[in-house]
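K.L.:
The structure follows.
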Amino acid sequence: MSDRSAVVPNNLEAFWMPFTANRQFKQAPRMFASAKDMYYTTVDGRTVLDGTAGLWCVNAGHCRPKITEAIRAQAGELDYAPAFQLGHPKAFELANRLVELAPEGMGHVFYTNSGSESVDTALKMALAYHRVKGQGERFRLIGRERGYHGINFGGTSVGGIVSNRKMFGTLLTGVDHIPHTHLPDANAFTKGEPEHGADLADALERIVALHDPSTVAAVIVEPVAGSTGVLIPPKGYLQRLRNICDKHGILLIFDEVITGFGRVGAPFAAEYFGVTPDIMTTAKGLTNGVIPMGAVFVRDEIHDAFMNGPEHMIEFMHGYTYSGNPIASAAGLATLETYQEEGLLTRAQELAPYWEEQLHSLKDCPHVIDIRNLGLIGAIELEPIAGEPTKRAFSAFLKAYEDGLLIRTTGDIIALSPPLIISKSEIDELFDKLRTVLMNNI
Ligand SMILES: Cc1ncc(COP(=O)(O)O)c(C=O)c1O
């Protein structure tokens, strides 16, 4: 575009931006005009390497032709079909393709429009499942400290990020939390899964005993916690959670909103870790982030438990106007085709050793107190500036953006999750730029 000033609005006031320091942003806006593959272009014509796949979602890279074309064609053919009591073929086709990728026995999906909606859907499904099984007294939900499960009331309640919770009153009742697994003293600078901390899963036994197992409906965790600053599960930890849930008839929910669709080197983290949950929440990479869509995967036994009673009755009183939207479904199908054609759902496994080596080479940079990684995920934890938490990482974010690199920060942690198409030379570019930022007195 020749006259870029034409696309920049002159008044930024009306849009109250999400999870943004609005006043800071509006004084010095950071705006993208276009994107292709691994790079954004800003409104003033600079290229920015995408080190975060947007918000952990653009797994196949930007503006991929197949996806763009599928959306364009679908918008001209069937734009919308009511989601309740009616359907259209692509939503079913996509569901069939999705369950082929899922762990064995998770043969059904329920569509939503976001990760937050997937989480709240999963929690409601868990409560309703126990009720249809005649165990309505199982009403408690257990999350984890530092967990992030989106921003709706259910997800905020089971989530464990204090700043996301403290403004919003009592949240859901009947919720408890197991401890997080961040053990910097024991595990700092671990490559891959940490050795220490599997025993933290045993805290679930105590919480379950405290409330009595018969009152607990479900436990929800991210297999790899992302938004809290990347916490990789200690070796054996997820299996222990699975065992405790099995022992007490509690459903285990994996929130795979960021780990789903290839991020750790398998279609889902459940497969990577060899631990199958009862319910799995997804969104983001499902449509390459292009059109909002989420999907909740459920074990057949859970789905089948609802398929009871008179056949004209609705089995699960839940759903969204846009569940399985035609354009989102078309985007999802084209996204899965792109992933499959390019081997992207397992590519992170091939690149992981190189990624790990380059990431950990930043260990000697000033203020770096921990580095963690798994698949194509990386985190660099910085020592906070005394009395000014989050400022150091935010300065790094601003400096990186100026230098042509998009990173994401949470607290004083830099999180990296590039599109899965990243090449080795782009990995080099990413870490060269990041080294310059970290060496720059932030
Ligand atoms: C694990 C997890 N769950 C849920 C969500 C919420 O997704 P959304 O922002 O699409 O509502 C996120 C978003 O980052 C996430 O990382």
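The values are calculated or read from the model by the stated rules, or taken from the named source; none is laboratory data. The model shown is predicted, which means the values in this text are computed figures rather than measured ones. Here Cβ is always computed from backbone atoms with ideal geometry, including for glycine, and neighbour counts include all displayed protein chains. Only protein heavy atoms, including side chains, enter the accessible area calculation; ligands, DNA and RNA are left aside. Shrake-Rupley method; radii C 1.70, N 1.55, O 1.52, S 1.80 Å.
K.L.:
Between beta-carbons, use under 14 Å as the cut-off and find the net charge around Leu210, counting Lys and Arg +1, Asp and Glu -1.
P.N.:
Neighbour charge sum, excluding Leu210 itself: -2.
K.L.:
Something else now. Whole percent per 5 Å bin, from 0 to the bin with the longest distance: what is P(r) over all C-alpha pairs of segment 144-191?
P.N.:
Calculated over all Cα pairs of segment 144-191, the distribution is 5, 21, 27, 18, 10, 10, 7, 2 percent.
K.L.:
Still on this structure, please answer the following. Within segment 88-139, report the trypsin sites (Lys or Arg not before Pro) that DSSP leaves as loop and that have at most 15 other Cβ atoms within 10 Å.
P.N.:
Hits after loop and neighbour filter: Lys133.
K.L.:
Based on the Kirkwood radius over alpha-carbon pairs, what is the Stokes-Einstein translational diffusion coefficient of the chain at 25 °C with 0.890 mPa s viscosity, in µm²/s?
P.N.:
109 µm²/s
K.L.:
Please calculate the 1.4 Å probe accessible area of Glu13, with all protein chains present, and give it to the nearest 10 Å².
P.N.:
130 Å²
K.L.:
Students sometimes get this wrong: rank Ser361, Ser425 by accessible area, probe 1.4 Å, all chains present, largest first. Provide the component values of the computation, followed by the final result.
P.N.:
Working: Ser361 50, Ser425 80 Å².
Final ranking, largest accessible area leading: Ser425, Ser361.
K.L.:
Can I ask one more? Of Leu252, Tyr148, Val221, which is farthest on the positive side of the dipole of the chain, counting Cα position, with +1 on Lys and Arg Cβ, -1 on Asp and Glu Cβ, and the Cα centre as origin?
P.N.:
It is Tyr148.
K.L.:
For the chain, give the percent of accessible area contributed by carbon and sulfur heavy atoms, probe 1.4 Å, rounded to a whole number.
P.N.:
Of the solvent-accessible surface of the chain, carbon and sulfur hold 54 percent.
K.L.:
For Cα pairs less than 8 Å apart in space and 6+ apart in sequence, what is the mean separation divided by the residue count of the chain, i.e. the relative contact order in percent?
P.N.:
RCO, the chain: 21 percent.
K.L.:
What are the GluC sites (Glu not before Pro) within segment 180-286 that DSSP puts in a loop, where the Cβ has at most 16 other Cβ atoms within 10 Å?
P.N.:
Here the GluC sites (Glu not before Pro) that fit, given the DSSP loop and packing criteria, are Glu195.
K.L.:
Per DSSP helix of 4 or more residues, -39500 (n - 2.57); summed, then divided by the residues of the chain. What does that give at 222 nm, rounded to the nearest 500?
P.N.:
Calculated from helices alone, the mean residue ellipticity at 222 nm is -10500 deg cm²/dmol.
K.L.:
Moving on. Normalised by the empirical 2.2 N^0.38 Å for globular proteins, what value does the Cα Rg of segment 106-230 take?
P.N.:
1.12
K.L.:
Separate question: Sorted by mean Cβ packing within 10 Å, highest first, what order do the peptides 297-305, 369-377 take?
P.N.:
Values: 297-305: 19.2, 369-377: 23.3.
By packing density, highest mean first, the sequence is 369-377, 297-305.
K.L.:
Moving to a separate point now. Place +1 on the Cβ of every Lys and Arg and -1 on the Cβ of every Asp and Glu in segment 352-442, take the dipole about the Cα centre, and give the residue among Ile377, Leu434, Phe397 whose Cα lies farthest towards its positive end.
P.N.:
Farthest towards the positive pole: Phe397.
K.L.:
Here's another thing I want to ask about it. Hey, which of these cross-link pairs are over 21 Å Cα-Cα: Lys36/Lys424; Lys191/Lys363; Lys124/Lys235; Lys36/Lys90; Lys284/Lys433?
P.N.:
Beyond 21 Å between Cα atoms: Lys124/Lys235; Lys36/Lys90; Lys284/Lys433.
K.L.:
Moving on to the next point. Excluding ligands and nucleic acids, what accessible area in Å² is computed for Ser163 using a 1.4 Å probe, to the nearest 10?
P.N.:
Taking all protein chains as shown, Ser163 has close to 70 Å².
K.L.:
Something else: Would you work out which of Gly309, Val208, Asn243 lies farthest towards the positive end of the dipole of segment 68-341? Charges go on Cβ: Lys and Arg +1, Asp and Glu -1.
P.N.:
So the residue furthest toward the plus end is Val208.
K.L.:
Hey, what did segment 273-415 get for relative contact order, percent, Cα under 8 Å, at least 6 apart?
P.N.:
Averaging sequence separation for qualifying contacts and normalising by length gives 13 percent for segment 273-415.
K.L.:
Averaged per residue, what accessible surface does segment 68-341 expose to a 1.4 Å probe, in Å²?
P.N.:
That works out to 42 Å² for each residue.
K.L.:
Ordering Tyr148, Tyr129 by how much accessible area each has at a 1.4 Å probe, largest first, what is the list? Display every interim value, and only then the final one.
P.N.:
Details: Tyr148 55, Tyr129 15 Å².
These residues rank, largest area first, as Tyr148, Tyr129.
K.L.:
Still on this structure, please answer the following. How long is the gain from Lys124 to Glu205 if the chain were fully straight, where each residue apart is worth 0.36 nm and the alpha carbon distance is subtracted?
P.N.:
Details: separation 81, 0.36 × 81 = 29.16 nm, distance 2.29 nm.
Going from the current span to full extension adds 26.9 nm.
K.L.:
Sticking with this structure for a sec: Run the dipole for segment 68-341 about the Cα centre, Lys and Arg Cβ at +1, Asp and Glu Cβ at -1, nothing else charged, and hand back the magnitude in debye, nearest 20. Could you put the intermediate results ahead of the total?
P.N.:
On the way: 21 positive and 31 negative charges, 136 e Å.
The calculated dipole for segment 68-341 is roughly 660 debye.
K.L.:
Using just the C-alpha positions of segment 331-425 as equal point scatterers, what log10 of I(q)/I(0) does the Debye formula give at each q in 0.10, 0.11, 0.16, 0.24 1/Å?
P.N.:
-0.33, -0.40, -0.74, -1.22
K.L.:
Sticking with this one: Subtract the Cα-Cα distance of Thr68 and Ala386 from 0.36 nm times their separation in residues, and report this length gain in nm to one decimal.
P.N.:
The Thr68-Ala386 span can extend by a further 109.8 nm.
K.L.:
Over segment 175-278, with a single point scatterer placed on each C-alpha, what log10 of the ratio I(q)/I(0) does the Debye formula yield at q = 0.23 1/Å?
P.N.:
For the requested q values the scattering log ratios are -1.33.
K.L.:
Multiply the residue gap between Thr321 and Lys235 by 0.36 nm, knock off their C-alpha separation, and tell me the result in nm, one decimal place.
P.N.:
The span from Thr321 to Lys235 would gain 26.9 nm if fully extended.
K.L.:
Between the DSSP loop rule and a limit of at most 13 other Cβ atoms within 10 Å, which trypsin sites (Lys or Arg not before Pro) in segment 162-265 are left?
P.N.:
Lys166
K.L.:
Using the Cα atoms as the points, what is the convex hull volume per residue of segment 193-237 in Å³?
P.N.:
Per residue, the Cα convex hull of segment 193-237 comes to 83 Å³.
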